[in-house]
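Chemist: Dropping the structure in here first, questions after.
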């Protein structure tokens, strides 16, 4: 923590080697100073979280209310470049539902990511049918105008190139007088930041889960169709206070 206001977050991959738990550093994120909205830089170097340099790979930025977040790669703002290939890609967006009734309850999230398309290796490449692999490639979304962003495509129902997911609704537990989700032991402490993400086509397919295990530690599990960078960026959105949502 820098003066208690600009925390740094570290993502480690945990694995077991014999009976010993090991950790490999993957990514770090830091909340930017002097930013009017929630703004996090993501780096592959835990000691260098500056925007300048080769280790800066992505950022997460919110709207003024902290109810909408977008994860960008390290590309440029379209207003600052003439080269379309250097324009930033949108890797994910998260929309938190505004709580207009003042009811304090679980957060409601909609998660948007670019769709995947089939880039199968053609048979004429010399590979046999058994060697051919189906290669799914993430669609590149580089908005130049607002209507092409992930959030605006979702609002206008232009969703053919999107994967849409939601957080799983927790169940009210009378014994504990709280909302609960089954994290199968991976989350051990109650927190408004805890969530599970499911695909709208299958509410039992948990794409990602995130939750508190101690005052300063959280677990994050994810799988297809999310990458580590997308999942880490989505997790960052849960740390920013959302007055309009809770």
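The values are calculated or read from the model by the stated rules, or taken from the named source; none is laboratory data. Predicted, not measured: the structure shown is a model, and the values here were computed from it. Don't worry about glycine lacking a Cβ; one is built from the backbone with ideal geometry, like all the others, and counts go over all protein chains shown.
Table: residues versus (1) under 15 Å from residue 185 (Cα atoms); (2) in contact with a helix residue (DSSP H, G or I) (Cβ under 8 Å, 6 or more places away or on another chain); (3) assigned to a strand (DSSP E or B); (4) in contact (Cβ under 8 Å) with a residue 60 or more places away in the chain.
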position	(1), (2), (3), (4)
198	no, no, yes, no
203	no, no, yes, no
206	yes, no, yes, no
215	no, no, no, no
220	yes, yes, yes, yes
225	no, no, no, yes
234	no, no, no, yes
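Chemist: If you don't mind, there's one more thing I want to ask. For region 16-35, which positions are loosely packed, with under 10 Cβ neighbours inside 10 Å and either under 23 Å from residue 221 (Cβ atoms) or under 21 Å from the mean Cα position of the chain (by Cα) (or both)?
Modeler: Selection gives 16, 17, 18, 19, 20, 21, 24.
Chemist: Within the bounds of region 160-167, is there any residue that is free of Cβ contacts under 8 Å to residues at least 12 places away in the same chain and out of contact with any helix residue (DSSP H, G or I) (no Cβ under 6 Å at 6 or more places or on another chain)?
Modeler: no
Chemist: Among the candidates 186, 223, 142, single out the residue that is surrounded by fewer than 19 Cβ atoms within 10 Å (Cβ to Cβ), closer than 18 Å to residue 62 by Cα, in contact with a strand residue (DSSP E or B) (Cβ under 9 Å, 6 or more places away or on another chain) and at pLDDT 90 or above.
Modeler: 142
Chemist: Without any contact (Cβ under 8 Å) to a residue 24 or more places away in the chain and within 18 Å of residue 66 (Cβ to Cβ): does that describe residue 191?
Modeler: Yes, satisfied.
Chemist: Residues that are out of contact with any strand residue (DSSP E or B) (no Cβ under 6 Å at 6 or more places or on another chain), at pLDDT below 95 and farther than 20 Å from residue 229 by Cβ: which strands (runs of 3 or more DSSP E) entirely in region 1-51 hold 1 or more of them?
Modeler: Output list reads 8-17, 20-31.
Chemist: Then there is this: Can you name the residue in region 145-158 that is out of contact with any helix residue (DSSP H, G or I) (no Cβ under 6 Å at 6 or more places or on another chain) and surrounded by 14 or more Cβ atoms within 10 Å (Cβ to Cβ) and, of all such residues, is farthest from residue 88 (Cα to Cα)?
Modeler: Filtering first and then ranking leaves 154.
Chemist: On to the next question. If you go through region 36-52, how many residues are closer than 19 Å to residue 73 by Cβ, free of Cβ contacts under 8 Å to residues at least 40 places away in the same chain and surrounded by 12 or more Cβ atoms within 10 Å (Cβ to Cβ)?
Modeler: 7
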